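Data block below; observations after.
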Amino acid sequence: MLDTEFSNLRRRINVSYYALYVMYILLVVIFGYLLKPVEKGIVIDPFSQKGEMIAYIVIFYVIVSIPGALWFFKCAMKRTVSKIENEEEKQRSYLSYATMRVFAIGFGAILAIPAYYMLGGYQPMIWCAAIAIVAQFFCKPSDRKIYLEMNNKNEEDL
């Protein structure tokens, strides 16, 4: 594979990106196969006050974090990163913001997967996890995407 100037940056972001997917699998294994909350009777009724609070927190976080993280990242690229002249500093700043974006979105799935099992298989939680995971997919870096985002450009600008 041909190395470009953004290959190292892409690899570093991919570590965070794929680490979250590993975390999702670990959470499924831990809660679904090792702890088995349903079999041990430690399930919280999703329609109790406590269950509803857990569900509302997860749903609210997913609904707010996805557009919020994407908007914050776009604003940071436009106002901060694209104006940095030093290329090394620009890449370091981009890496920081891109990693924050991936984790802010992925954290919704990290909340939703245990909530799904702790609420006895409450299906809206699995949908929240799925939404967060799909949104995270759109944060996967490529060299072209990094260049466009870092320089606050659109596809039409090229």
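Readers should treat all values here as calculations from the given coordinates under stated rules, not as data from a laboratory. Everything numeric in this text was worked out from a predicted model, so none of it was measured. Cβ: placed from backbone, ideal geometry, glycine included. Neighbour counts: every protein chain shown.
Placing +1 on the Cβ of each Lys and Arg and -1 on the Cβ of each Asp and Glu in the chain, which of THR80, ILE25, MET118 has its Cα farthest towards the positive end of the resulting dipole? Working it through, the farthest residue towards the positive pole turns out to be MET118.
If a/c stays under 1.5 just call it rounded; otherwise compare a/b with b/c (prolate if a/b is bigger, oblate if not). Do that for segment 81-128, with a ≥ b ≥ c from the square roots of the Cα gyration tensor eigenvalues.
Numbers: a/c = 8.68, a/b = 5.01, b/c = 1.73.
Prolate, since a/c reaches 1.5 and a/b exceeds b/c.
Starting with the fewest neighbours, write out LYS90, LYS140 ranked by other beta-carbon atoms found within 10 Å of each beta-carbon.
Numbers: LYS90 17, LYS140 13.
Placing the least packed residue first, the sequence is LYS140, LYS90.
Taking other Cβ atoms within 10 Å as a rough exposure proxy, ILE42, ILE105 sort from fewest to most as ILE42, ILE105.
Say R0 is 22 Å: what FRET efficiency, to the nearest 0.05, do ALA19 and GLN49 get from their beta-carbon distance?
Working: r = 35 Å, r/R0 = 1.57.
The pair ALA19/GLN49 has a calculated efficiency of 0.05.
Treat the count of other C-beta atoms within 10 Å as a stand-in for reagent exposure and order ILE25, ILE13, ILE30 from fewest to most. Walk me through the numbers on the way to the answer.
Numbers: ILE25 10, ILE13 21, ILE30 14.
Final ranking by Cβ density, sparse to dense: ILE25, ILE30, ILE13.
Checking the table LYS50/LYS74; LYS90/LYS140; LYS40/LYS140; LYS83/LYS140 against a 27 Å threshold on Cα-Cα, which pairs fail? Flagged as over cut-off: LYS50/LYS74; LYS40/LYS140.
Extents of the chain, largest first, come to 58, 31, 25 Å (Cα atoms, principal axes, whole angstrom).
Determine the dipole magnitude for segment 7-152: charges of +1 sit on the beta-carbon of Lys and Arg, -1 on that of Asp and Glu, nothing else is charged, the reference point is the Cα centre, and the result goes in debye to the nearest 20.
360 debye
Taking Cα atoms only, the orientation of helix 123-137 departs from the longest principal axis of the chain by about 10 degrees. The alpha carbon centroids of segment 81-120 and segment 11-78 are separated by 13 Å. Angle check, please: helix 7-28 long axis (alpha carbons) against the longest principal axis of the chain (alpha carbons), in degrees 0 to 90, nearest 10. Taking Cα atoms only, the helix is inclined about 0 degrees.
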